[in-house]
Amino acid sequence: MKERHWNNLVGSLRHGQCVLMLGSEIPVRTSSADPKIAPRENTSLAEELRQRLARELEEDARSPSGNTLAALAQQYEDTEGFGPNTLRATAEMVFRSRQYSPSTVHEKLAALPFSLIVTTGQDASLAQALKLAGKTPITQRYHLRGDKRDNPEFVLPGVPSSPVVFHLFGNAAEPSSLVLSENDVLDFLIRVVSERPPLPNSLLRALKRVGQSFLFVGFGIRHWDLRVLLKVLLRALELNRSGPAIAAEPLSSLLQPDRDEMILFYQRGTRVELEDDDVGAFLTKLSERLQADGGFVEQAASLGPRPRVFISYAREDSDLASRVYDALQKEFFEPWLDRESLEGGDDWNERIEADLDSSDFALVLYTRAFCRKTDSYVNKEVALAAERALRVRGSFMIPLRADDLTGVDRVDALRKYDEMELRTTAFEEDISKVISTMRREYQRRQR
């Protein structure tokens, strides 16, 4: 790995700006019933489950097929006499078995200062390793078979001593949430992209922080289907728009043409750099470099929660909206603009209502162009924001008057809200006052 990539990764770790993206291919420590046999660390729980499913199929005179867990799980699920419920029960039994415990790799990861860990693993090995390291992990999960109520918002403390471990593919402690078969994986991707149910906004906000970087470990990207899955996740979670990323993956078993093709696969459309090294050796180097640079900086910025601000504006005022968006980002707010988040084919009513419902403030760019919108979607936004304002104690909707408006120009729906100035000739001064007002109000709500 090039020196600048090491420097970026170590720097982001030092300042609490690196998210660990953990796959399911991390080996676990496997103990034998025979005390004379030493524990081994050469297989993952995903592989242990795959082998277990294969044995059960063979015992039923079936011929197992598929080199990955998802492929074999699909066969198991489709085979008469087995089915999805038996599949999830078997997975729960394997993933929660006391025969397996955290490996050296888990221990090395637990020692690093991650505040947020997103994993496709479904077991508790990393959480156990974090506890052994003296930390207090907070476990959350995505439930693709639930609704929005089953996937609630949560607070991210933003400190390595209490990291959040978010299980994308469900948690074995709740078998109905597990993503195992090929159909499950497809359903997961469809539900994440369609936001039915949506991933918690608290998670998405943390993933999309400005300056964030990512470390991918244990995704088994030598396998084509896992490679595609990782890239789809990058796009679905919009990590390709975030900071740079490193993927630690030993490639020594590949021929040089295959290795070159894989590297190009990730560099096209993403910002992922592949580190061809044994994961354990890579993590040792990373830890040594981190300590040599002074270790974690305790004053690192918290992951959240940060105030989320919905910006409503007329299309003619898009440049001003962009200035407001940029100013809020620099002050550690989470601004929302429709041009950033809405795509063709989206249900605009549903998307905007959901985003307003999770926002802490709504700013309306109160301009002449806005006032001329007698039949426009911006009026729908204002109506939804006014409804949300009824449920929020204190100021929620703030009109920002950017033009001189006569009484005739004014919009009736905004008359009862206290306005603030946002003059283009004094933008920095005025936006600073707006930010201060929202920050005081947000702090008051947290008491």
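Structure summary
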quantity: Odd one out for residue 36 among (1) charged (D, E, K, R); (2) in contact with a Gly (Cβ under 8 Å, 6 or more places away or on another chain); (3) surrounded by fewer than 19 Cβ atoms within 10 Å (Cβ to Cβ); calculated: (2)
quantity: Residue 176 being on the phi < 0 side of the Ramachandran plot, of a type in the set (Ser, Thr, Tyr), out of contact with any Pro (no Cβ under 7 Å at 6 or more places or on another chain) and crowded, with 22+ Cβ neighbours inside 10 Å; calculated: no
quantity: Matching residues in segment 5-33 - criterion: being part of a loop (DSSP other than H, G, I, E, B) and touching a strand residue (DSSP E or B) at 6+ places or on another chain (Cβ under 9 Å); calculated: 17, 23, 24, 25, 26, 31, 32
quantity: Residue among 372, 423, 445 that is closer than 25 Å to residue 205 by Cβ and either in the same structural domain as residue 331 (by TED's automatic domain parsing) or at pLDDT below 95 (or both); calculated: 445
quantity: Leading residue by the ranking (farthest from residue 247 (Cα to Cα)) among those in segment 275-298 that are assigned to a loop (DSSP other than H, G, I, E, B) and out of contact with any strand residue (DSSP E or B) (no Cβ under 7 Å at 6 or more places or on another chain); calculated: 298
quantity: Pick from segment 283-301, criterion surrounded by fewer than 11 Cβ atoms within 10 Å (Cβ to Cβ) and within 12 Å of residue 16 (Cα to Cα), ranking: modelled with the highest pLDDT; calculated: 298
quantity: Scope segment 56-79; condition outside any loop (DSSP other than H, G, I, E, B) and of a type in the set (D, E, K, R); matching residues; calculated: 56, 58, 59, 77, 78
quantity: So residue 103, is it at pLDDT below 95, more than 18 Å from residue 171 (Cβ to Cβ) and surrounded by 15 or more Cβ atoms within 10 Å (Cβ to Cβ); calculated: no
quantity: Helices (runs of 4 or more DSSP H) wholly inside segment 83-176 containing at least 3 residues that are β-branched (Val, Ile, Thr); calculated: 83-95
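The values are calculated or read from the model by the stated rules, or taken from the named source; none is laboratory data. Everything numeric in this text was worked out from a predicted model, so none of it was measured. Here Cβ is always computed from backbone atoms with ideal geometry, including for glycine, and neighbour counts include all displayed protein chains.
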